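Notes to accompany the following structure.
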Amino acid sequence: MEIFQFIHSKWAYLVLLVLVLATINALIKFFGDKEFSNNDFRISLFALITMHIQLLLGLILFFTKDYFSTIEQVGGMGQVMKTPALRNVIIEHPLTMIIAVTLITIGYSKHKKKLTSKPKFKLLAIFYTLALILVLAKIPWSLWFPSN
């Protein structure tokens, strides 16, 4: 399962890059009153796809790492919640990322139903920005940029 950990860790860079690009694109085009183009559609779709792949990799990791045994070994969920590192890995990171993927999925789905550019960009800007904030809040920065 180390291969999934490796892919999940490296794929995260692409996910972050594409999500930032899609969010900035939606914000600039919304505030600039630009027309929605095929490239805008592709950028938002690619953000959706990369996030869903990352979610699948994360779920595979979550269930193969056997966190349920870890919870049992440390004395239950109460102890997990008292231990910041465990709480982050077992609860906060997965839950926050699931919420972020959900926001992107909702934003993407809703934008397709709009017929004009301004509402399309507005929905993408709102939902993708919220998702980006959540992702940035729960990226394990200490693993990305170790202090040593």
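Remarks
- Looking across the stretch 115-129 at every residue that is assigned to a helix (DSSP H, G or I) and either without any contact (Cβ under 8 Å) to a residue 24 or more places away in the chain or of a type in the set (Val, Ile, Thr) (or both), the one that is farthest from LEU17 (Cα to Cα) is identified as PRO119.
- Taking each residue of the stretch 35-53 that is within 27 Å of PRO94 (Cα to Cα) and looking for partners that are outside any helix (DSSP H, G or I) with beta-carbon atoms closer than 9 Å, six or more apart or interchain, yields nothing.
- Criterion: within 13 Å of the chain's Cα centre (by Cα), buried (at least 16 other Cβ atoms within 10 Å of the Cβ), in a helix (DSSP H, G or I) and on the phi < 0 side of the Ramachandran plot - qualifying residue of VAL89, VAL135: VAL135
- Where a residue in the stretch 6-23 is without any contact (Cβ under 8 Å) to a residue 40 or more places away in the chain and on the phi < 0 side of the Ramachandran plot and its partner, wherever it lies, is in a helix (DSSP H, G or I) and not hydroxyl-bearing (Ser, Thr, Tyr), with Cβ under 8 Å and at least six apart: VAL18/ILE43; VAL18/PHE46; VAL18/ALA47; LEU21/ILE43; LEU21/ALA47
- Picking from residues in the stretch 45-77 that are hydroxyl-bearing (Ser, Thr, Tyr) and more than 13 Å from the chain's Cα centre (by Cα), the one that is surrounded by the fewest Cβ atoms within 10 Å (Cβ to Cβ) is SER69.
- Residue in the stretch 22-40 that is more than 24 Å from ILE133 (Cβ to Cβ), at pLDDT below 95, surrounded by 15 or more Cβ atoms within 10 Å (Cβ to Cβ) and out of contact with any Pro (no Cβ under 9 Å at 6 or more places or on another chain) present: no
- Qualifying residue in the stretch 106-121 (condition: surrounded by 21 or more Cβ atoms within 10 Å (Cβ to Cβ), of a type in the set (A, V, I, L, M) and at pLDDT 95 or above): no
- Criterion: under 25 Å from ARG42 (Cβ atoms), hydrophobic (A, V, I, L, M, F, W, C), touching a helix residue (DSSP H, G or I) at 6+ places or on another chain (Cβ under 6 Å) and touching a residue at least 12 places away in the same chain (Cβ under 8 Å) - qualifying residue of LEU61, LEU132: LEU132
- Condition met for GLU72 (more than 23 Å from PRO119 (Cβ to Cβ) and acidic (Asp, Glu)): yes
- The lone exception for PHE6 - which of (1) surrounded by 12 or more Cβ atoms within 10 Å (Cβ to Cβ); (2) assigned to a helix (DSSP H, G or I); (3) hydrophobic (A, V, I, L, M, F, W, C) it fails: (1)
- Taken over the stretch 64-85, the criterion of being of a type in the set (Ser, Thr, Tyr) and either in contact (Cβ under 8 Å) with a residue 12 or more places away in the chain or in contact with an Asp or Glu (Cβ under 9 Å, 6 or more places away or on another chain) (or both) is satisfied by THR64, TYR67, THR70.
The values are calculated or read from the model by the stated rules, or taken from the named source; none is laboratory data. Since the model is a prediction, treat every value here as computed from it, not as a measurement. Don't worry about glycine lacking a Cβ; one is built from the backbone with ideal geometry, like all the others, and counts go over all protein chains shown.
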